[in-house]
Each structure stands twice: as C-alpha cells, then as structure tokens.
Amino acid sequence: MRLLIVEDEIGISNFLRDGLREESFAVDVAVNGKDGLELALCNDYDLILLDWMLPGLSGIEVCRQYREVNKTTPVIFLTAKDTVDETVFALETGANDFLKKPFSFTELLARIRVQLRHKDEEVSILSSGNIVLDLNSYMVYKDSIPVQVTQKEFALLEFLVRNKGKVCSRTKIIEHVWDLHFDADTSVIDVYINFLRKKLDSGQNKSFIHTVRGVGYMIKDD
C-alpha cells in the first residue's frame, strides 16, 4: 500500500512517515501544497494524508483540484481546525475523514485501515488458490495452516494478490511495497519473492508466484 503525506511540519511528517513504514506502507512526503498536488496527480496512491494549512497551496485547494481528476482515492485531513463548519467544509470539498491535531497514531492507523477497506469494498480477507491473507491479523494461511511471514513479505504478497491476474512490474512493486525513492538494487524484490516461494509453494515444480521475464511477477488462480 502506497500513501502520500502532505504536511509542512517536519516533525509531524517524519513521525508519520516512520510509523507508517513500520506498518509496511510505502510512504512519500511533500512539505507544501504545490508539491503535494503534483505528486498526487502524477502517482498512484492508495490514500492521502493532507494538512489543511500548507504553504503555497492550501490543503483545501489541493483536495479540490485532486478531486477534479480522482474521485475515489481516500483523503484524510489532519488539522488543528476543529469547528463543525470547518469539518463540514473539508468533507464537502472531497475529504473522506477529518482528524484533529494532536491525534494518536493508533487512531490514525485505524482510520487509514477503515478507508482502505471501504475503497476496496472488502471485509478483511484476500485469497488466491489455497492461500488466504487475513488483513486484520496480518496472518497468511496455506491450506488453512498458518504460515509465518515478515511484515515486508506480507506487504509484497498482499500487493501481488490484490493484483492477481495482472503482471506487476518491478517499478510498481518498488513504488507500492517499498518507497518511491527506494535506492537499493531492485534485486531485493527477487530475494523476497524467493522467501515467499519457499513458504508458499507446494512442489511439483509449480510456483504460486509466476515470473514474467524482463517485466516482473504475477499471481493467477489456476
């Protein structure tokens, strides 16, 4: 899952970035409205966290212009404003939720997950073949038996299963599972794919995750 934070207070943006990365989100950060809008329009995000008071372009204007192009990606406002009129104004502009500063990270994380569930119109389960992912407990099951995976392995598997039937390029995997400006060699993807194959494959030279040479990987229901 790839998120965008648009927040000009460096302490807050760094805190959110680090906390969300620990929860296996890929996170991009913009510190002003103009850059935030440009990133939002040029990239594919699963959710946007947007401050109201931003230099250059207000969060309200960012949201308004973004909604002219994208009607579905959830936007959560983070702001010190808290009157009923301001809340209604933000929601009418196109925000999906509104959280007053200061807030607890636990509450923010819960609100993010609610919005992502609504966006995907799912309850809490993803599956492909004999593999099941429980998005609430971060558990993976193979033939109903729990499989121990790391947070990054879960995030990679979740992205592939959400896009089953489609080829996931290395670029898309890096953007959504790691970070937009991930500096390491993309061979790290191969390492994690091999980790997952060792845990999920059933033998008979048949892999749950298919390699599309020169492009990336895909999962498909046989």
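Structure data summary
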read-out: Trypsin sites (Lys or Arg not before Pro) restricted to the range 1-84 and DSSP loop, no more than 14 other C-beta within 10 Å; value: LYS71
read-out: Inter-label distance, nm, simple model (7 Å from Cα along the C-beta direction), ILE125/ASP143; value: 1.9
read-out: The range 125-218 - convex hull of alpha carbons, volume per residue in Å³; value: 98
read-out: FRET E, pair GLU38, ASN14, Förster distance 22 Å, beta-carbon r, rounded to 0.05; value: 0.60
read-out: Cβ-Cβ FRET estimate between ASP201 and ARG170, R0 fixed at 30 Å, reported to 0.05; value: 0.90
read-out: Derived scalar couplings ³J(HN,Hα) [the range 49-65; Karplus, 6.51 cos²θ - 1.76 cosθ + 1.60; whole Hz; x for Gly, Pro]; value: 9, 10, 6, 6, 8, 10, x, x, 8, 5, x, 4, 5, 4, 5, 4, 5
read-out: Calculated [θ] (222 nm, deg cm²/dmol) that DSSP helices of n ≥ 4 give over the chain, each run adding -39,500 (n - 2.57); value: -13000 deg cm²/dmol
read-out: Hits among lysines - C-alpha to C-alpha of LYS206 under 29 Å, sequence gap 8 or more where chains match; value: LYS142, LYS152, LYS164, LYS166, LYS172, LYS198, LYS220
read-out: Along principal axes, Cα extents of the chain, largest first, whole Å; value: 62, 33, 31
read-out: Mean shadow area of the range 2-120 over all directions, Cα convex hull, nm²; value: 6.5
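Values in this text are rule-based calculations from the coordinates and carry no lab data. These figures come from a predicted structure and were not determined experimentally. Every residue, glycine as well, gets a Cβ built from its backbone with ideal geometry; the counts of neighbours run over all protein chains shown.
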